[in-house]
């Protein structure tokens, strides 16, 4: 019997060639918006940062801790609604709204996680999936927060750092997104090396053994779920402040929860960089096909997503990272 | 609210329940066999509905006569899915199995949208149409025929699985893959057969409901969601569980729509699912 995710091992930056690539990548990310000034390229990068952050969170609950949540859009939506609602109705700065969103997401994560994290395998996956659907239904019918039309954030030109609205340039949004993503990566990096990461992986690979050695399964699963919720909520807040119009169909859809899963799988599940690599591969494909086919709503990008993910699942279940690692190993073997 | 309305709603719910039961039976059969949830089940159903629609539109073939073609086509799709995808991920981690079938679902759904656009399509003049009246209760004839057809198909499936040699071999494979293999059962063929039959179930259901249900690329999503809930409620791998849970869900949907609000009818079903799995994690009749 193969346990869930037992074939995912850690690839540390060192094994992928030391610190130099990391430094180069950081510099590239920092100067990028000054080199590529066209709005569309910057837009794709911002989307990578936002979805990448959400996928990083999912990677912690599913990749490291082995609990497959198919309802991450719940927290993305809560984050988006919190900032938008508080700003549109009370003029509260989205930065506070963002914290409020995280607080609500944490409470909701505990509310969902406490009962459902006891369920195993498919039952948990389907439970989170249907809770996501229930949440979307609630928001569609909740007139106080805009119902099916959602919230249009009032456009304000003054004081962009207070209103978290940047109309002149995408650069501030870019750096904010980059900062949050870096934070998410740093957290994952720290977590992987800490006792916490060890507990998570133990719960994923050998839940019974972990439990018998004194790891409180319920508590740590819940913690992983709360971390994932926080990441998704922060991503949702940024998304709302970037797009400035939200409704239940754009921030709560099942497809969003699934896309996050696909991105992480594509990059490499349970790998620090997996979700970011996955987002960085999928989103440009999606944008490119949308431009190529002229955006007729023909769903060509999703067709390619679906096809890619089937291929990845069947032939490269460890994602692009597994593939790279295999190539490096082959090179090392040839060298020695 | 009069008594007639309530009775009418409950009978409609019961009719819908038979359809849910057949859709769920296909899903349950595959799960029982290899512990894989087919997240593309709804998309298989969508393909069956489009097949019926195009046979009607292009060749004037009535949905009723499209049923055998849908059964054959979906059986082939199921078998091809097994050999093309599932066979390679039989022993893979659960997540890989989830993403593989989810990927297939997204692919098929967007393929349908790409080929046939997102328009809602209707079969405007099927042979079975109109409504009938029984003791003051009006029922749409297509609905009655679809439900009866699904119940009949469910009966066939139940007979096949429990009374025929091949069916018993399927069950043996479900219980113990290796032992079944040692007894001379070609388990890989059984898996392919299971996928073929599982897909054929939605072939029947899709063809039958096309005569009164809109056809569009996303149509399978809600049927699949309800099927997951039905299967989990009834217990993964249990056919009788699927039937009883399917009927229960049809009734809850109807009752929820009139007692609470039509907007929340699926939400109520999902809540019931949560309550059931939290109180009895194996489902009502589950083996797992």
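Key figures
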quantity: Nearest-ten-degree value, helix B:219-234 long axis tilted from longest Cα axis of chain B; calculated: 70
quantity: Helix-only mean residue ellipticity at 222 nm for chain A, each DSSP H run of n ≥ 4 adding -39500 (n - 2.57), per residue, nearest 500; calculated: -23500 deg cm²/dmol
quantity: Residues A:43, B:41, sorted so that the one with the fewest Cβ neighbours within 10 Å comes first; calculated: A:43, B:41
quantity: Fully extended contour minus Cα-Cα distance, from residue B:62 to residue B:175, at 0.36 nm per residue; calculated: 36.6 nm
quantity: Viscosity 1.002 mPa s, 20 °C: Kirkwood-radius Stokes-Einstein D of region B:18-95 over Cα pairs, µm²/s; calculated: 155
quantity: Stretchable slack from residue A:156 to residue A:285, in nm (0.36 nm times residue separation minus alpha-carbon distance); calculated: 43.1 nm
quantity: Order of A:142, A:95 under a 10 Å beta carbon neighbour criterion, fewest first; calculated: A:142, A:95
quantity: Cα-based Kirkwood hydrodynamic radius, the protein assembly as shown, one decimal, Å; calculated: 25.5
quantity: Descending semi-axes in whole angstrom, ellipsoid equivalent of region B:194-288, from the Cα gyration tensor; calculated: 22, 20, 10
quantity: Estimated distance in nm for a label pair at residue B:279 and residue A:205, the labels positioned 7 Å out from Cα along Cα-to-Cβ; calculated: 4.0
quantity: Max mean-square fluctuation residue, GNM over chain B, Cα-Cα springs under 10 Å, options B:271, B:95, B:193; calculated: B:95
quantity: Share of alpha-carbon pairs per 20 Å distance bin for region A:13-335, given as whole %; calculated: 31, 59, 10, 0
quantity: Inter-centroid distance (Cα atoms) of region B:227-281 relative to region B:113-147, Å; calculated: 24
quantity: √(5λ) per eigenvalue of the Cα gyration tensor, region A:203-336, largest first, Å; calculated: 30, 26, 13
quantity: Full-stretch length increase - residue A:219, residue A:38 - with 0.36 nm per residue and alpha-carbon distance subtracted; calculated: 60.5 nm
quantity: Least to most buried among A:233, B:117, A:69 (fewest other Cβ within 10 Å first); calculated: B:117, A:69, A:233
quantity: Pair residue B:139, residue B:80: separation of 7 Å Cα→Cβ label points (nm); calculated: 3.7
quantity: Region A:59-124 and region A:254-331: distance between their alpha carbon centers, rounded to Å; calculated: 24
quantity: Efficiency of FRET from Cβ geometry, residue A:110 and residue A:330, R₀ 51 Å, rounded to 0.05; calculated: 0.65
quantity: Estimated distance in nm for a label pair at residue A:175 and residue A:29, the labels positioned 7 Å out from Cα along Cα-to-Cβ; calculated: 1.5
quantity: Tail beyond 20 Å, pair distance distribution of region B:35-232 (Cα, percent); calculated: 59
quantity: Of B:26, B:267, B:250, the one that fluctuates the most in a GNM where chain B has Cα springs shorter than 10 Å; calculated: B:267
quantity: Residue A:93/residue A:149 FRET efficiency (R0 35 Å; Cβ-Cβ; nearest 0.05); calculated: 0.90
quantity: Whole-angstrom gap from region A:142-157 to region B:19-60, using each part's C-alpha centre; calculated: 38
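The numbers here are math on the coordinates, done by the rules we state, and not lab data. Everything numeric in this text was worked out from a predicted model, so none of it was measured. Neighbour counts are summed over all protein chains in view; Cβ atoms, including those assigned to glycine, are modelled from backbone coordinates with ideal geometry.
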